[in-house]
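Participant: Handing you a structure now.
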Amino acid sequence: GSFAGKMLAVRPDISVVLQEQAVTCDAARANPALASYGKDQLRVVERSFFDGIQETDGNLYVLKYILHNWGDEDCVRILCNVRVALEEQASSKNNDDARVLIIEHGPIESSPEIRLLDLHMAVLCGKGASERTTEEYSKLVEASGLSMHRVHPSKGGVYVLECGLPV
């Protein structure tokens, strides 16, 4: 929920839907920094990404630190559900510009610390969780029927992968 608050602080003219598991939604509802936003600005939706995207009228979908928690097959399932939301946006609003941003830690080839984090995640999560290279993320994106448009690296070791419907 804190990322939603940061987005709204920078862009108070937008609305944000936070779709997450119940525990994250509960934390967002209890976050005093988010309490000032009305339902027209911030909607909290308890729903698994595996059950689809409930709000399909967005121009931007953000998966922040989501995909690294899952194995490849589950990542493709999540991305396919996002693709369906993008397709609904494209057909109902004639908007082919809707995007999904995948925000994850930098590619494992860039840092020995990321490799150690990857090992910790594999041991702790046991669900095929993995830090991936940008090439590996690109393959998952393509397998879901989406296209990788750009990769935006940051100085802090976080990458933003910008994806959308194929052109």
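The values are calculated or read from the model by the stated rules, or taken from the named source; none is laboratory data. If you're wondering where the values come from, they're calculated on a predicted model, not measured in any experiment. Here Cβ is always computed from backbone atoms with ideal geometry, including for glycine, and neighbour counts include all displayed protein chains. Please note that ligands, DNA and RNA were not included when accessible areas were found on the heavy atoms of the full protein model with its side chains. Shrake-Rupley method; radii C 1.70, N 1.55, O 1.52, S 1.80 Å.
Participant: Which helices, counted as full DSSP H runs in the chain, have an axial Cα extent of no less than 30 Å and a Kyte-Doolittle average of -1.0 or above? Write down the numbers at each step before the final one.
Facilitator: Details: long enough: 72-93 (31 Å, -0.26).
Going by DSSP H runs, the hits are 72-93.
Participant: Shifting gears a bit: To the nearest 20 Debye, how big is the dipole of the chain about its Cα centre, given +1 on the beta carbon of each Lys and Arg and -1 on that of each Asp and Glu?
Facilitator: Charge dipole of the chain: 420 debye, to the nearest 20.
Participant: Report, by chain and number, residues whose modeled amide H sits under 5 Å from the one on Arg99, excluding near sequence neighbours (fewer than 5 apart, same chain).
Facilitator: Residues meeting the criterion, in which the H sits 1.01 Å from N, are Leu60, Tyr61.
Participant: Could you identify which residue out of Gly157, Gly38, Gly145 has the top mean-square fluctuation in a GNM of the chain using Cα springs shorter than 10 Å?
Facilitator: Result for the chain, Cα springs under 10 Å: Gly38 fluctuates most.
Participant: May I pose another question? What Kirkwood hydrodynamic radius, in Å, does the chain give when the mean of 1/r is taken over all pairs of distinct Cα atoms and then inverted?
Facilitator: 16.7 Å
Participant: Give the residue list of GluC sites (Glu not before Pro) in the range 1-66 that are DSSP loop and have at most 16 other beta-carbon atoms within 10 angstrom.
Facilitator: Answer by residue number: Glu55.
Participant: How big is the charge dipole of the range 1-84 about its Cα centre, in debye rounded to the nearest 20, if each Lys and Arg gets +1 on its Cβ and each Asp and Glu gets -1 on its Cβ?
Facilitator: I would put it at about 260 debye.
Participant: Just subtract the alpha-carbon distance of Leu101 and Ala27 from 0.36 nm times their residue separation and send over the number in nm, one decimal.
Facilitator: Computed gain between Leu101 and Ala27 is 24.4 nm.
Participant: Taking only protein heavy atoms and a 1.4 Å probe, what accessible area per residue, in Å², does the range 26-74 have with all protein chains in place?
Facilitator: 58 Å²
Participant: Cut-off 10 angstrom, C-alpha nodes, Gaussian network model of the chain. Which of His149, His105, His68 fluctuates the most?
Facilitator: His149
Participant: With all pairs of different alpha carbon atoms counted, what Kirkwood hydrodynamic radius in Å does the range 1-99 show? List each step's numbers first, then the result.
Facilitator: Values: mean 1/r = 0.0701 Å⁻¹.
Every distinct Cα pair counted, the radius reaches 14.3 Å.
Participant: Just how much of Glu136 is accessible, in Å², when a 1.4 Å probe is used and the result is rounded to the nearest 10?
Facilitator: Near enough 80 Å² of accessible area.
Participant: State which stretch of the chain is the longest one without any exposed trypsin sites (Lys or Arg not before Pro), exposure meaning a DSSP loop state and at most 12 other Cβ atoms within 10 Å.
Facilitator: 40-126
Participant: Same structure, new question: Give me, ordered by chain and number, the residues 5 or more places off Gln19 or on other chains with an amide H under 5 Å from its own placed amide H.
Facilitator: Val45
Participant: Right, another one. Restricting to DSSP H runs of at least four residues, report the calculated mean residue ellipticity at 222 nm for the chain, -39500 (n - 2.57) per run over all residues, nearest 500 deg cm²/dmol.
Facilitator: Rounded to the nearest 500, it is -12000 deg cm²/dmol.
Participant: Shifting gears a bit: Which one, Pro12, Ile78, Val141, projects farthest toward the positive side of the charge dipole computed for the chain from Cβ point charges (K/R +1, D/E -1)?
Facilitator: Final value for the positive-end residue is Pro12.
Participant: Straight-line reach from Lys64: which lysines have Cα under 20 Å away, leaving out those fewer than 8 places along the same chain?
Facilitator: Of all the lysines, those that pass the test against Lys64 - Cα under 20 Å, at least 8 places apart if same chain - are Lys6, Lys127, Lys139, Lys155.
Participant: Run the numbers on the chain and let me know its relative contact order in percent, using alpha-carbon pairs under 8 Å that are six or more apart.
Facilitator: 20 percent
Participant: So if R0 is 30 Å, what FRET efficiency would Ser48 and Val10 give, r being the distance between their Cβ atoms, rounded to the nearest 0.05?
Facilitator: Values: r = 28 Å, r/R0 = 0.93.
Computed FRET efficiency for Ser48 and Val10: 0.60.
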